[in-house]
C-alpha cells in the first residue's frame, strides 16, 4: 500500500523548501512516498526504499511518463521485455508511459532515495 | 548565453539513461544546461555552474514553475523581495512561475550540479 504524505512546511507561499536527504522515516518496512511538488500534470516525489522489491509478477504500468534518479543507495529495475537496469547513485532513467516495469531489488543495508518526476 | 545540448544516447526508444554526476564538461566558463527529459509541458534539465552568478540587477522571471535541487556544490538564490536562500547538497526549492529570482553566488571551487524541473 502506498503511503503518500505531504511533508516539508511551505516557508513562503508555494515556495517549498526541504532537503531530500533529511526527514527519513525510521520505519521503512514499507516504501515511503513524499510529494515534494505538484501541479495538474506533474508530480515530483521522493521515494525511500530499504530492501523492498515489487511483488513478483506484478508490473507497474503507468499512464504518465516517469523520470527517476537514484540519489542514495542502489536498486535494480526490470522491464517486461527482460532488460534489467542497475541504478547506482546519480543514475537516471526515463520510463515512458505504459512501459511495464518493476523494482527487482533495492539495497537492504541502506536507504535507497529516489527522486521521481511523473509527467 | 544558454548552451542547451541534448546528451546521453537513448539506449532504448525514449528510455534515456545517464548519470547526473558524469559527463561534466571541462569548460565551465559559462553555465552548461543539458535537457535530460522533456514533454510538451515539462522540461527536466541538469545545470552545471562553477562560480557563476546571474548578472546583477537582472532577474529570472519564468512563465513556468521551477523546482530545483542542488546535488553537488552550493549556491545562493535571492528573490526580489530580499530573501536569500542557501542551497547545499540535497536542498530543494520550488520557485512559482513569475517569481523573480537570481543566482547570487555559486561555489567557485567545485562544480555545482543542479537538477531543475520546469513545469
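Restricting to the range A:69-100, name every residue that is touching a residue at least 24 places away in the same chain (Cβ under 8 Å) and within 10 Å of chain B (Cβ to nearest Cβ). Spell out the reasoning first.
From the range A:69-100, those touching a residue at least 24 places away in the same chain (Cβ under 8 Å) are A:69-78, A:92-100; that's our starting set.
Within the range A:69-100, A:69, A:70, A:71, A:72, A:92, A:93, A:94, A:95, A:96, A:97, A:99 qualify.
Failed condition for residue B:16, given (1) within 14 Å of chain A (Cβ to nearest Cβ); (2) modelled with pLDDT of 95 or more, with all others met?
(2)
Restricting attention to strands (runs of 3 or more DSSP E) lying wholly within the range B:51-119, give those where 3 or more residues are in contact with a helix residue (DSSP H, G or I) (Cβ under 7 Å, 6 or more places away or on another chain). Let's see the steps before the verdict.
Working: elements: B:66-72, B:75-79, B:84-87, B:91-95, B:101-106, B:112-118.
Result: empty, no element qualifies.
Kindly provide the set of residues from the range B:19-40 that are within 7 Å of chain A (Cβ to nearest Cβ) and within 17 Å of residue A:115 (Cα to Cα), ordered by number.
Within the range B:19-40, B:19, B:20, B:21, B:36, B:37 qualify.
Go through the range B:41-50 and count every residue that is assigned to a loop (DSSP other than H, G, I, E, B), surrounded by 16 or more Cβ atoms within 10 Å (Cβ to Cβ) and within 11 Å of chain A (Cβ to nearest Cβ).
Pass one, the range B:41-50, residues assigned to a loop (DSSP other than H, G, I, E, B): B:41-42, B:50.
Next, only the ones that are surrounded by 16 or more Cβ atoms within 10 Å (Cβ to Cβ) stay: B:42, B:50.
Retained after the next criterion (residues that are within 11 Å of chain A (Cβ to nearest Cβ)): B:42.
Summing the residues that are assigned to a loop (DSSP other than H, G, I, E, B), surrounded by 16 or more Cβ atoms within 10 Å (Cβ to Cβ) and within 11 Å of chain A (Cβ to nearest Cβ) in the range B:41-50 gives 1.
Would you say residue B:117 is within 13 Å of chain A (Cβ to nearest Cβ) and either surrounded by 18 or more Cβ atoms within 10 Å (Cβ to Cβ) or under 14 Å from the mean Cα position of the chain (by Cα) (or both)?
Details: within 13 Å of chain A (Cβ to nearest Cβ): yes; either surrounded by 18 or more Cβ atoms within 10 Å (Cβ to Cβ) or under 14 Å from the mean Cα position of the chain (by Cα) (or both): yes.
Yes: the conditions hold for residue B:117.
The values are calculated or read from the model by the stated rules, or taken from the named source; none is laboratory data. Owing to the predicted nature of the structure, the values given are computational and were not obtained by experimental measurement. A quick note on method: Cβ atoms are made from the backbone with ideal geometry, for glycine too, and the neighbour counts reach across all protein chains shown.
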